[in-house]
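**Q** Here's a structure for you.
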There are 2 protein chains.
Amino acid sequence: MRQPMISLALLGLLAATTGQAQTASPAGRIETAAKLRDAALADNKAWALLSDLTDTVGPRLAASEAEARGRVWAKTALQKLGFVNIREEAFPMTAWERGTASASIVGSNHALAITALGTSGATPKGGLTAPVSCFDNLAAMRAAPVSEVKGRIVFIDHRMTITQDGSSYGVNGGVRRIGPALAAQKGAAAVMIRSLATDYHRNPHTGSTGFPAGVTPIPAVALALPDAELLARRCAAGPVTVQLISTPVSKPGQSANVSAEIPGTVPGEIVVLGGHLDSWDLGHGVFDDGAGVAITMAAAAAIKSHVDRTGQAPRRTIRIVLWGAEEFGVIGGRAYAAAHAAENIVLAGESDAGADRIYNVGSRVAETGLPLFGEIGALLAPLGVQPDSSNKSGGGADVGPLAALGAGVLDLGQDMTRYFDVHHTPDDTLDKVDRKQLDQNVAAWTAAIWLAATDDRPLRTK
Amino acid sequence: MRQPMISLALLGLLAATTGQAQTASPAGRIETAAKLRDAALADNKAWALLSDLTDTVGPRLAASEAEARGRVWAKTALQKLGFVNIREEAFPMTAWERGTASASIVGSNHALAITALGTSGATPKGGLTAPVSCFDNLAAMRAAPVSEVKGRIVFIDHRMTITQDGSSYGVNGGVRRIGPALAAQKGAAAVMIRSLATDYHRNPHTGSTGFPAGVTPIPAVALALPDAELLARRCAAGPVTVQLISTPVSKPGQSANVSAEIPGTVPGEIVVLGGHLDSWDLGHGVFDDGAGVAITMAAAAAIKSHVDRTGQAPRRTIRIVLWGAEEFGVIGGRAYAAAHAAENIVLAGESDAGADRIYNVGSRVAETGLPLFGEIGALLAPLGVQPDSSNKSGGGADVGPLAALGAGVLDLGQDMTRYFDVHHTPDDTLDKVDRKQLDQNVAAWTAAIWLAATDDRPLRTK
């Protein structure tokens, strides 16, 4: 069904004037999705949102004053875009601040490029100097006797590789997530890991680690790859001693999630999309995850604009959620799912994998929802997006807790080939964004969310 | 003329045993150059030298204790390689030390990635805070009235571009070399320049600036490109104030040049090759200029090894010179030329453009020397090297003062396409080196120097 643009616009004007939203025609939803998709490709709203957020607010460390300013920015922007039911829902957390970190190889002129890992502990006042035990990977450190770890600075040169789907981060992430705690349990004085990263710049990659109850956090830092390889070469040449200073502090704090809606015509069914507002403090939080915030806001805004213009509202409520404190262990995502467990969130998806193009689309939905994903796949194919028909997709870290409660999952897979070059580093800045790929993202999200919100087939897995 | 390797080796053994060096046969010099070239391609001596220098000594700031350790490293290595007449020739200079530098956009969460420029002054204790005057380029700052500069922090967003021959650095270098002094003369409080660079990492590029007599050095720093572009965007959006801290200090100091020789059979004609031992303090001094040191040492070592093996010495003395304090205005190169003005240095060339491949070969020699460059061109063509027949080449910064006194110039032009990505930054580390290209360099230098040293045609321009 094709209608001349003018009559659609006229129809919209009439509907908007009378203030009566109509449910978008089921018959026309595919055609409308295609039009919204193509219009989004030519719009540049995500760029404007992303540059404004990251230039004016900058880095947005969880529980910081800057993250709070990010929420003010988000609520203001959401209001300007015409969304309703704008909410901010606070939750408590431990606020961690980096302080300063420096390290040098004793007896050399080599300062090492390091950065502290989130939740890690501080060195004694004045730093600590200790012999280094070098391990090629996490397994070697796990297998090492206590005598090789106790009182030492443990260096784990565990490598990740480039993968388009980012899976290498999951496979190798243990070195950062549990490596420091395992070393602490063997009595290590401190831990240095090769950054979980794929670039060779002197910008170390931060990220959270964790210490289970009863294990006192020890200093834990990541080395830039050139520095990790230098340290590995010095280890191979003979005994190495490192002086390390790291001064993070932890204290009680608070973060919050922000949400807003395009109301559906049939109450009680909600489609969630969003990104996380917090970022690491080193870069400007562009790829991680200003882009996700901007992409999903721009996609929802394109739909809102269509609704306003035509009076054709989706059946299901579209809710944009901008989570807080993702970087410290999906704290916002967990808080959100807990607070909204009683709601009928039928589908949820998060954009949190940079600003590069969508290359596949996956799901985790009830069997009744698979035809919808057939439609989405067909609509996104012209964007170069291929289907992942496993129906086992994750949908993003903050979506995990919702999915665990039964929400269906929409997973728009981004090309992560260069994601771990800039992820969690000072290098996560606006210049890295390819604006054509950013727009392709918005187009994919717009079409997929429109199709899901105008559909009525059950999607929840439980 | 081809001889079986075994008889050459035997001949060398005999000559070495008797201790009588013979002048290499003029007839065989082309064939020998080809053999030395091909052997160097398969050798990896430069890598061993480069990694040893940069891993064990690290950064080698001019006039620092680390630069002095670089000289100890060099003399030890030159001795091990069998060179003779190893010399260290000291010269005085002003030693400049960086201190710390930080900057932030007032009223934002943006810390700017900056580094102080060599010879620049310090901010007042506690830093300085001032409105920023933003200029697109050096010409705009030059044209600005004093009222737009006086008491301000002057930001000059002057751009360079990628050029294979590195010429963009010369064309645009004025922003760093004279920009701060020009702004100081108009009463600027401080200067921030966009790094003279081609990469988009948060690693600012240092380098020297200069202040003429009577102009008090003011604080002058370079911004990483992502930060320069952020600042330019903030300038475009409205008034910007920056807080700047930079704490360099200057004091009297000393550097030195190191040299060593392969004696020629005919006294009084010298061919000079080398690189500079000093580096900036931010990286490890690999591309700039550990590579030049290693490449020319490896090339001379290949020739030394041939001489030892065959007893066939070159007519002309081959002298490797490792200059000090190049980065602060060719101080070592000037001192060297002044101290050796009476010598008959017939040809000189410096390797100081990274570790990537040689792509062209140029000269500045007397007309009688052009046939030699025809031979060199023919020998290097199989390495993918093309002739630059302008006979107006420069030969490297430290060679300039020798050439001004009449020394002929050998210029082996390196591919500098990615040189200004790592030049003068923390990113100048060993991982950037492509070992095949490094070996190609050594092969080109070995063949060219062998041909020049076994030749007898006049090369000096005066």
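**Q** Confirm whether B:L78 is at pLDDT below 95, touching a strand residue (DSSP E or B) at 6+ places or on another chain (Cβ under 9 Å) and assigned to a helix (DSSP H, G or I).
**A** When the stated conditions are applied, B:L78 does not pass them.
**Q** Of everything in segment B:92-115, what is at pLDDT 95 or above and touching a Gly at 6+ places or on another chain (Cβ under 7 Å)? Give them in sequence order.
**A** B:M93, B:T94, B:A95, B:W96, B:H110
**Q** I want to confirm something. Restricting to segment A:27-58 and keeping residues that are surrounded by fewer than 19 Cβ atoms within 10 Å (Cβ to Cβ) and of a type in the set (A, V, I, L, M), which single residue is farthest from the other protein chains (Cβ to nearest Cβ)?
**A** A:A27
**Q** Kindly provide the set of residues from segment B:44-81 that are in contact (Cβ under 8 Å) with a residue 12 or more places away in the chain and of a type in the set (S, T, Y), ordered by number.
**A** B:S51, B:T54, B:T56, B:S64 - these are the residues of segment B:44-81 that are in contact (Cβ under 8 Å) with a residue 12 or more places away in the chain and of a type in the set (S, T, Y).
**Q** Ok, one more. Checking A:T368 against (1) within 14 Å of chain B (Cβ to nearest Cβ); (2) touching a residue at least 40 places away in the same chain (Cβ under 8 Å); (3) more than 21 Å from A:L41 (Cβ to Cβ), which single condition isn't satisfied?
**A** (1)
**Q** Can you find a residue in segment B:236-247 that is within 14 Å of chain A (Cβ to nearest Cβ), in contact with a helix residue (DSSP H, G or I) (Cβ under 9 Å, 6 or more places away or on another chain), free of Cβ contacts under 8 Å to residues at least 60 places away in the same chain and farther than 18 Å from B:T115 by Cβ?
**A** Looking for residues that are within 14 Å of chain A (Cβ to nearest Cβ), in contact with a helix residue (DSSP H, G or I) (Cβ under 9 Å, 6 or more places away or on another chain), free of Cβ contacts under 8 Å to residues at least 60 places away in the same chain and farther than 18 Å from B:T115 by Cβ, one finds at least one in segment B:236-247, hence yes.
**Q** Of all residues in segment B:104-125, which are away from chain A (no Cβ under 14 Å) and in contact (Cβ under 8 Å) with a residue 12 or more places away in the chain?
**A** Scanning segment B:104-125 gives B:A116, B:L117, B:G118, B:T119, B:S120, B:G121, B:A122, B:T123.
**Q** So A:W73 passes all but one of these: (1) within 14 Å of chain B (Cβ to nearest Cβ); (2) surrounded by fewer than 19 Cβ atoms within 10 Å (Cβ to Cβ); (3) aromatic (F, W, Y). Which condition number does it fail?
**A** Single failed check for A:W73: (2).
**Q** Being under 11 Å from the mean Cα position of the chain (by Cα) and either more than 14 Å from chain A (Cβ to nearest Cβ) or of a type in the set (F, W, Y) (or both) is the filter here; which residues of segment B:288-328 pass it?
**A** B:D288, B:D289, B:A291, B:G292, B:V293, B:L322, B:W323, B:G324, B:A325, B:E326, B:E327
**Q** Out of all the residues in segment B:165-193, which are under 23 Å from B:R418 (Cα atoms) and surrounded by fewer than 16 Cβ atoms within 10 Å (Cβ to Cβ)?
**A** B:S167, B:G170, B:V171
**Q** Could you look through segment B:267-326, keep only residues that are closer than 28 Å to B:A66 by Cα and of a type in the set (D, E), and pick out the one that is surrounded by the most Cβ atoms within 10 Å (Cβ to Cβ)?
**A** B:D289
**Q** With assigned by TED's automatic domain parsing to the domain that holds A:C235 and touching a Leu at 6+ places or on another chain (Cβ under 8 Å) as the only criterion, which of A:S120, A:S147, A:S195 stands out?
**A** Matching residue, one of A:S120, A:S147, A:S195: A:S195.
**Q** Taking into account only those residues within segment A:213-227 that are facing chain B (nearest Cβ under 10 Å) and in contact (Cβ under 8 Å) with a residue 40 or more places away in the chain, which is nearest to A:H424 (Cα to Cα)?
**A** It comes out as A:A224.
**Q** Just checking, which of A:A103, A:A68, A:A140 is surrounded by fewer than 20 Cβ atoms within 10 Å (Cβ to Cβ), in the same structural domain as A:G207 (by TED's automatic domain parsing) and among the small types (G, A, S)?
**A** Just a single option satisfies the conditions, and that option is A:A140.
**Q** Related question: Give A:G275, A:G285, A:G264 a once-over and let me know the one that is within 14 Å of chain B (Cβ to nearest Cβ) and within 30 Å of A:K75 (Cβ to Cβ).
**A** Result: A:G285 is the single residue among A:G275, A:G285, A:G264 that is within 14 Å of chain B (Cβ to nearest Cβ) and within 30 Å of A:K75 (Cβ to Cβ).
**Q** Would you point out which residue out of B:V409, B:V433, B:V422 is under 18 Å from the mean Cα position of the chain (by Cα) and more than 30 Å from B:D199 (Cα to Cα)?
**A** That would be B:V409, the only listed residue that is under 18 Å from the mean Cα position of the chain (by Cα) and more than 30 Å from B:D199 (Cα to Cα).
**Q** Of the conditions (1) assigned by TED's automatic domain parsing to the domain that holds B:G329; (2) more than 20 Å from the chain's Cα centre (by Cα); (3) closer than 24 Å to A:L230 by Cβ, B:A113 fails just one. Which one is it?
**A** Just one mismatch for B:A113, condition (1).
**Q** Is there a residue being in a loop (DSSP other than H, G, I, E, B), at pLDDT 95 or above and in the same structural domain as A:M416 (by TED's automatic domain parsing) anywhere in segment A:250-264?
**A** Yes, there is a match, as at least one residue in segment A:250-264 is in a loop (DSSP other than H, G, I, E, B), at pLDDT 95 or above and in the same structural domain as A:M416 (by TED's automatic domain parsing).
**Q** Mind checking which residues of segment A:193-212 are aliphatic (A, V, I, L, M) and within 14 Å of chain B (Cβ to nearest Cβ)?
**A** Answer for segment A:193-212, where residues must be aliphatic (A, V, I, L, M) and within 14 Å of chain B (Cβ to nearest Cβ): just A:A197.
**Q** Here's another thing I want to ask about it. Do we have B:L61 as within 14 Å of another protein chain (Cβ to nearest Cβ) and outside any helix (DSSP H, G or I) here?
**A** yes
Yes/no matrix, rows are residues, columns are (1) within 11 Å of B:S363 (Cα to Cα); (2) out of contact with any strand residue (DSSP E or B) (no Cβ under 9 Å at 6 or more places or on another chain):
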residue	(1), (2)
B:G384	no, no
B:S390	yes, no
B:G394	yes, no
B:A397	no, no
B:P401	no, yes
B:G406	no, no
B:V409	yes, no
B:G413	yes, no
B:F420	no, yes
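**Q** Going by the structure shown, is A:M5 closer than 23 Å to A:R316 by Cβ, at pLDDT below 95 and aliphatic (A, V, I, L, M)?
**A** Here the answer is no, as A:M5 does not meet what is asked.
**Q** If you don't mind, another one. Within the set of pairs 6 or more residues apart or between chains, which connect a residue that is in the same structural domain as A:L438 (by TED's automatic domain parsing) inside segment A:26-42 to a residue that is assigned to a loop (DSSP other than H, G, I, E, B) and of a type in the set (K, R) with Cβ atoms less than 9 Å apart?
**A** That search, which allows pairs on different chains as well, returns A:P26/A:R315; A:E31/A:R2.
The values are calculated or read from the model by the stated rules, or taken from the named source; none is laboratory data. Because the structure is predicted, anything quoted here is derived from the model rather than measured. Heads up, the Cβs are rebuilt from the backbone with ideal geometry, glycines too, and the neighbour counts pull from every protein chain shown.
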